[in-house]
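Here it is, the structure, as structure tokens.
Just so it is clear, none of the values below were taken in a lab; they were calculated from the coordinates. Remember, predicted model here, so these are calculated numbers, not experimental data. Cβ sites come from the backbone with ideal geometry, for glycine too, and all protein chains shown count toward neighbours.
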Amino acid sequence: MPLAGSLTAEQLSFFHANGYLVLESFSSDEDVRALRDRMAELVAGSFDLHLKNKFFLLQRMAMDDYFFKSGENISFSTMDKAFGDDGCLKLAKELSVRFVGHALHEHDLVFKTFSSSESISSIFSSLDYKKPSIIQSKYMFKQPHIGARVIPHQDNTFLHTEPPSCIALWLALEDATINNGCLWAIPGSQKYGLKTRMIKDDNGFYFDRPTPSYDHNEFVPLEAKSGGLVVIHGDLVHKSLENLSPTSRHAFVWHVVETEGCEWSKGNWSVHDEIF
Ligand SMILES: O=C(O)CCC(=O)C(=O)O
């Protein structure tokens, strides 16, 4: 009997042709509930409102520092729209967070256990990865009414190995629909290679080539029911739209790279000497 998570020949062929794969009912309701409950605890317990008021966010250097350190931590990013003109939160904090990242897979047992489970490893064995390693993880809230869009991008722009090897796993923790901000992707776009890389050096960060623009008509929605897992090729162009609906769209997304025969590229925004 194949291992849970192993991909069939048909699924592999779809992934190689389209650059994504939606695995319906990948996770049980219990697993989904455990991840959501744990995140609710983290937000309730660790979210430092003093650091995250609007005025703090407007201080560019402090913001950059907080962002770059988030590669090694569990950090909280808030929505500008959650603050009033006085700089105070006008919404409950659980409705104000945009995402939490980028090292849940390292520092939180519930997220760590889930993201490195056997069924996840089986996906990478099916894709012929020899020594896959998680490089970042994020819990995305896509809050009701104010959930921000994620602009079209390729994950290899931000998480680059030589040769490129990044694959994202995106788990719906609530039904993700075209109404509440599901993922959208351009099928087959991974075949046209990486368009730009984000480089971090002593001067800050910049893109090495202009970022292309895309026509919305090229994208298809990747709707997923709660518990569904979307596998995303690192060169696939994907995005999500604003959530203007009254329903949130929680998701957990983590990125995996090959460490055997691959180098972590110079200029990436996060450092991973411990892995490479
Ligand atoms: O969850 C989303 O809306 C988009 C997440 C995503 O594309 C990413 O983290 O690379």
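Please list, in chain and number order, the residues 5+ apart from Leu23 or on another chain whose amide H is under 5 Å from its amide H, with Hs placed from the backbone.
Leu229, Val230, Val231
Which of Phe111, Leu194, Val100 sits farthest toward the positive end of the charge dipole of segment 9-264, with +1 on the Cβ of Lys and Arg and -1 on the Cβ of Asp and Glu?
Val100
Turning to a different aspect of this structure: Can you work out ³J(HN,Hα) from phi for every residue in segment 156-163, in order, using Karplus 6.51 cos²θ - 1.76 cosθ + 1.60 and θ = phi - 60°, giving whole Hz and x for Gly and Pro?
5, 4, 9, 10, 9, 10, 10, x
Amide H to amide H under 5 Å from Ser75: which residues, 5+ apart in sequence or cross-chain, H placed 1.01 Å off N in plane?
Result for Ser75 returns Gly101, His102, Ala103.
Hey, fewest Cβ within 10 Å first, where do Tyr20, Tyr192, Tyr214 land in order?
On the way: Tyr20 24, Tyr192 13, Tyr214 16.
By the 10 Å Cβ count, ascending: Tyr192, Tyr214, Tyr20.
Please order Leu12, Leu222 by the number of other Cβ within 10 Å, starting at the fewest. List each step's numbers first, then the result.
Working: Leu12 15, Leu222 22.
Listed from fewest to most nearby Cβ atoms, that is Leu12, Leu222.
Report the Rg/Rh value for segment 9-264, based on alpha-carbon coordinates and the Kirkwood definition of Rh.
On the way: Rg = 17.8 Å, Rh = 18.9 Å.
Across segment 9-264, the Cα-based Rg/Rh ratio is 0.94.
Below 12 Å, Cα to Cα, which aspartates and glutamates can Lys90 reach? Residues fewer than 8 away in the same chain don't count.
Asp80
Ok, one more. Can you sort Thr211, Thr8 by how many other beta carbons sit within 10 Å, fewest first? Write down the numbers at each step before the final one.
Working: Thr211 14, Thr8 10.
Ordered by Cβ neighbours within 10 Å, fewest first: Thr8, Thr211.
Then there is this: Between Ser75, His160, Cys262, whose Cα lies farthest towards the positive end of the dipole of the chain when Lys and Arg beta carbons carry +1 and Asp and Glu beta carbons carry -1, centred on the Cα centre?
So the residue we want is Ser75.
Using only DSSP helix segments of four residues or longer, with each worth -39500 (n - 2.57), what per-residue ellipticity at 222 nm results for the chain after dividing by its residue count and rounding to 500? Let's see the in-between values first.
On the way: 7 runs with 63 residues, N = 276.
It comes out at -6500 deg cm²/dmol, rounded to the nearest 500.
Find the Rg to Rh ratio for segment 139-191, where Rh is the Kirkwood radius over alpha-carbon pairs and Rg uses the same atoms. Before the final figure, lay out the partial values.
Working: Rg = 13.3 Å, Rh = 13.2 Å.
Across segment 139-191, the Cα-based Rg/Rh ratio is 1.00.
Now for a different question. Could you list which residues have their amide H under 5 Å from that of Ser265, counting only those 5 or more apart in sequence or on another chain, with H placed in the peptide plane?
His160, Thr161, Glu162
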